[in-house]
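Participant: Sharing a structure with you now.
Each reported figure results from applying straightforward, stated rules to the coordinates on display, with no laboratory input. Note that the structure is a prediction, hence the values are computed from the model and not measured. Here the Cβ positions follow ideal geometry from the backbone for every residue, glycine too, while neighbour counts run over all protein chains shown.
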Amino acid sequence: EKRKAAFFAPTPEPEAKSADSSSTDTFTNFRLSRPILKAISDMGYSKPTPIQVRSIPLSLQAHDLCVSAQTGSGKTLAFLIPIIERLLFRPKTIPATRVLILVPTRELGVQCHSVALKLSKYTDISWSLCVGGLSSKVQEAELKKRPDGVIATPGRLIDHLHNSQGFTLDGIEILVIDEADRILEDGFSDELDEIIKATPKSRQTMLFSATMTDKIDDLTKLSLARPVRLFVNKAT
Ligand code: ADP
Ligand code: MG
């Protein structure tokens, strides 16, 4: 079984406190840092969605997660909030890219990047967007500065892995595969495998998908370590 860094030590009972207190759930219950709570409140969110209630505490504890929840359930905040909290909690000593978020399309990358910037507004956490349609040269220069987080489509990220001198995924501590079903449907399975292999085994991995197919299950078994599986639909 893969080793987790000591500071990410998972607690033994992932599903122990399952959430049925939805009427009293607030973002303050997660005991987040003030700069994040302030950003969440600025963005106009007062109450976490069911998927956020269930996934944020587990993600904060560094569990690998395999989450199935339909479009519109609030998955972006479900992974960005704990990521930003963890980056704040453990400040870096040297510039390093520690978070990689993979998305299927440029459009979803742009959206995710915009939410990440808003959530990080009161912090010094830096994000870079790495998708097609933007200048490769500009991106290469940005990646050289080692932003804390990179949001990327698999195709463009592979381009940089192959062609941008000195760019590696050696420092990745958290990997998110967002809309994994769409990434696979779009034929990026090989790219996905190559990217995952280029990240450290000690990473935390979170996989999000609207549907749970056999392919997603295979990917989960190969790339996640003792994942907690969450299924959340409207009725939950
Ligand atoms: P998904 O990735 O599951 O499709 P998104 O993360 O894109 O969902 O969120 C869908 C919509 O819900 C967005 O417009 C987002 O701003 C909104 N949203 C997310 N979390 C909350 C929340 N806690 N309260 C209110 N609205 C939210
Ligand atoms: Mg989404």
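Participant: Give me the distance between the Cα centres of segment 181-219 and segment 112-143, rounded to whole Å.
Facilitator: Taking the Cα centre of segment 112-143 as reference, the centre of segment 181-219 is 22 Å away.
Participant: Determine the dipole magnitude for segment 116-187: charges of +1 sit on the beta-carbon of Lys and Arg, -1 on that of Asp and Glu, nothing else is charged, the reference point is the Cα centre, and the result goes in debye to the nearest 20.
Facilitator: My answer is approximately 400 debye.
Participant: Among T105, T28, T199, which one shows the biggest mean-square fluctuation in a GNM of the chain, springs joining Cα atoms closer than 10 Å?
Facilitator: Comparing T105, T28, T199 in the GNM, the peak value goes to T28.
Participant: Turning to a different aspect of this structure: Please work out, to two decimal places, the log10 of the ratio I(q)/I(0) at q = 0.09, 0.11, 0.15 Å⁻¹ from a Debye calculation in which every Cα of the chain carries one identical scatterer.
Facilitator: Relative scattering, expressed as log10 I(q)/I(0), comes to -0.34, -0.52, -1.02.
Participant: With a Förster radius of 30 Å, plug the Cβ-Cβ distance of V110 and R31 into 1/(1 + (r/R0)^6) and report the FRET value to the nearest 0.05. Let's see the in-between values first.
Facilitator: Numbers: r = 31 Å, r/R0 = 1.03.
After rounding, the FRET efficiency stands at 0.45.
Participant: Sequence-distant or interchain residues sharing an amide H contact under 5 Å with V228, placed H: which?
Facilitator: Amide H neighbours of V228, under 5 Å, 5+ apart: D64, L65, C66.
Participant: Pairs of Cα atoms under 8 Å, at least six residues apart: use those to get the relative contact order of the chain, whole percent.
Facilitator: It rounds to 27 percent for the chain.
Participant: Would you work out if segment 52-133 is rounded, prolate or oblate? Take a ≥ b ≥ c from the square roots of the eigenvalues of the alpha-carbon gyration tensor; rounded if a/c is under 1.5, else prolate when a/b is larger than b/c, oblate otherwise.
Facilitator: Oblate, because a/c is 1.5 or more while a/b does not exceed b/c.
Participant: Any idea what the relative contact order of segment 135-225 is, in percent, if you count C-alpha pairs under 8 Å spaced at least 6 apart?
Facilitator: Rounded, it is 31 percent for segment 135-225.
Participant: Just from its helices, what would the mean residue ellipticity at 222 nm be for the chain, if runs of 4 or more DSSP H residues each count -39500 (n - 2.57) and the sum is divided by every residue, rounded to the nearest 500 deg cm²/dmol?
Facilitator: -11500 deg cm²/dmol
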